[in-house]
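Here the structure is laid out as structure tokens; the discussion comes afterwards.
The values are calculated or read from the model by the stated rules, or taken from the named source; none is laboratory data. The shown structure was predicted, so the numbers you read here are calculated from the model rather than taken from an experiment. Reconstructed Cβ throughout: ideal geometry from the backbone, glycine too, with neighbour counts over all protein chains shown. Each accessible area value is taken on the protein alone, full model and side chains, heavy atoms only, with ligands, DNA and RNA left out. Shrake-Rupley method; radii C 1.70, N 1.55, O 1.52, S 1.80 Å.
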Amino acid sequence: MKIPVLLTMLLAFIVTGHAQQLDSLKYPNGYLYFHTYGAGSPVIVLSGGPGNSCLQQEEVAIELGRKYRAILPEQRGTGLSIPVPFDSTTITLQSAVEDLYRLLQHLHLKQAIFYGHSWGAMLAMSFAARYPDEVRALVLVDPGYYKFSADLLTTHVNNLRSHLGVADVALWDSLGKKIAAGKGTAEDSARYNRTIRLGYIYNKSLIDSLMVKIYAAKPNGTMQQLMVSDLNRVHYDLSKNLFHYKGPVSIIAGAQDALAFYTYELKVIRPAIQLYWIQQSGHFPMFEQPTAFNKQLWAVMAAWP
């Protein structure tokens, strides 16, 4: 009786389109885990953050898995991929880049397409700058900073504030002061995060349903803090080394994203970038406009069968 029940469950899992394989590779500081969807030419799918769960981009990996071998890493410091020790010696931009190289070597892949959203796009570009021959193409979605600078950070924050109403800006400020003073509760932190996220999306009425997707699993705040500190330490600036990568770059971005200026900045230093806009969308077009996003994604991917 148990075998038919188990078989039914497995078939149901496959039919829903969520068939995947979880695997890992060992390295000096622990294990790096990754999920695989589908078969075909490899696509490395990199989620944002830094520190967000890979599951934030699982829907994209599942979609790509219809034709490609979509590989979704649990980046070091997230999910199950927690290094020992878990500190500034193990969480760096360089280690994140080398982890992707380890993944390609482990899977015996000479090249792959790299898809990255937000921070994932930053990581994909950093990898391409270091290992240009291993990158078949870059497909970036609403990329984050191409370099760290006070001016860009100020623009980032001011753009988010400009996307909020008066009451939301006031709430952002009051909660921020309370949390900074060490008087904030868990509920205050949740409201603070929700308020900021309103600045990242186009249709504010969808905030609660989108928050479920944005935070498909709990992010790792420690990893985020460590990685941001390292990006500052190394003076992260892709304008200095992205030219090493000569291959194609495509960007899909929400036309109403408060961070769209990063995309324009990238276009300035890399004029050959192919740029595609999704209307009525902020920073998460795969969630806000999934039909339009998937249509554009497949149009971009058609260049690399």
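Suppose R0 equals 25 Å. What FRET efficiency, 1/(1 + (r/R0)^6) with r the Cβ-Cβ distance, do Asn158 and Arg102 give to the nearest 0.05? Don't skip to the answer; put the middle values down first.
Values: r = 39 Å, r/R0 = 1.55.
Efficiency, from the Cβ-Cβ distance: 0.05.
Return the single residue from Ala253, Ala128, Ala190 with maximal mean-square fluctuation; model: Gaussian network over the chain, springs between Cα atoms under 10 Å.
Sorting by GNM fluctuation, first place goes to Ala190.
Given a Förster distance of 41 Å, report the FRET efficiency between Ser205 and Ala303 from their Cβ-Cβ distance, rounded to the nearest 0.05. All intermediate terms of the calculation are to be shown ahead of the outcome.
Values: r = 36 Å, r/R0 = 0.88.
After rounding, the FRET efficiency stands at 0.70.
If you rank Arg76, Arg102, Arg130 by how much accessible surface each has, with a 1.4 Å probe, what is the order from largest down?
From most accessible down to least: Arg130, Arg102, Arg76.
Keeping all protein chains in place, calculate the accessible area per residue for the chain (probe 1.4 angstrom), answer in Å².
Result: 48 Å² per residue.
Give me the number: length gained by fully extending Lys177 to Ser189, i.e. 0.36 nm times residue separation minus the C-alpha to C-alpha distance, one decimal in nm.
On the way: separation 12, 0.36 × 12 = 4.32 nm, distance 1.13 nm.
Result: 3.2 nm gained on full extension.
Under a 10 Å cutoff between Cα atoms, tell me which one of Glu58, Glu288, Glu98 has the largest fluctuation in the Gaussian network model of the chain.
Ranking Glu58, Glu288, Glu98 by mean-square fluctuation puts Glu98 first.
Would you tally the net charge around Asp133, using a Cβ to Cβ cut-off of less than 12 Å, leaving Asp133 out, and scoring K and R as +1, D and E as -1? Can you show the working numbers first?
Working: positive: Lys110, Arg130, Arg136, Lys246; negative: Glu134.
Once all neighbours under 12 Å are counted, the net charge is +3.
Simple spin-label model, 7 Å along Cα-to-Cβ: Arg66 to Lys147 in nm?
Placing both labels 7 Å along Cα→Cβ, they lie 4.0 nm apart.
In whole percent, how big is the carbon plus sulfur part of the accessible area of the stretch 155-263, probe 1.4 Å, protein atoms only?
About 55 percent, which is the carbon plus sulfur part of the accessible surface.
Quick one: how many Å² of Arg136 are accessible to a 1.4 Å probe, rounded to 10?
Here the residue's solvent-accessible area equals roughly 80 Å².
With every protein chain kept in the model, how would you rank His235, His244, His108, His117 by accessible area, 1.4 Å probe, largest at the top? All intermediate terms of the calculation are to be shown ahead of the outcome.
Numbers: His235 135, His244 90, His108 160, His117 0 Å².
So, going from the largest accessible area down, we get His108, His235, His244, His117.
For the stretch 45-154, which whole-number percentage of the solvent-accessible area (1.4 Å probe, protein heavy atoms only) is attributable to carbon and sulfur atoms? Numbers along the way, then the final one.
On the way: 1870 of 3700 Å².
Percent of accessible area from carbon and sulfur atoms in the stretch 45-154: 50.
Considering the values [x] 31.9, 103; [y] 19.4, 65; [z] 23.9, 69, which represents Rg and Dmax of the Cα atoms in Å as calculated for the structure under consideration?
[y]
Given a 10 angstrom Cα cut-off, can you work out which residue in Ile273, Ile113, Ile71 is the most mobile in a GNM of the chain?
Of Ile273, Ile113, Ile71, the Gaussian network model singles out Ile273 as fluctuating most.
At R0 = 25 Å, how high is the FRET efficiency between Val166 and Gln225 if r is their beta carbon distance? Nearest 0.05 is fine. Could the numbers behind the result be given before it?
Numbers: r = 31 Å, r/R0 = 1.23.
Plugging the Cβ-Cβ distance into 1/(1 + (r/R0)^6) gives 0.20.
Between the stretch 89-161 and the stretch 268-290, what is the C-alpha centre distance in whole Å?
Each part reduced to its Cα centre gives a spacing of 17 Å.
Can you give the accessible area of Ser88 in Å² (nearest 10), computed on protein heavy atoms with a 1.4 Å probe?
Near enough 80 Å² of accessible area.
To the nearest 20 debye, what is the magnitude of the charge dipole of the chain about its Cα centre, counting +1 on the Cβ of each Lys and Arg and -1 on the Cβ of each Asp and Glu?
Using Cβ point charges on Lys, Arg, Asp and Glu, the chain gives about 200 debye.
So how far, in whole Å, is the C-alpha centre of the stretch 43-58 from the one of the stretch 237-267?
18 Å
Can you sort Ser162, Ser126 by solvent-accessible area, 1.4 Å probe, largest first? Can you show the working numbers first?
Numbers: Ser162 80, Ser126 10 Å².
Correct descending sequence by accessible area is Ser162, Ser126.
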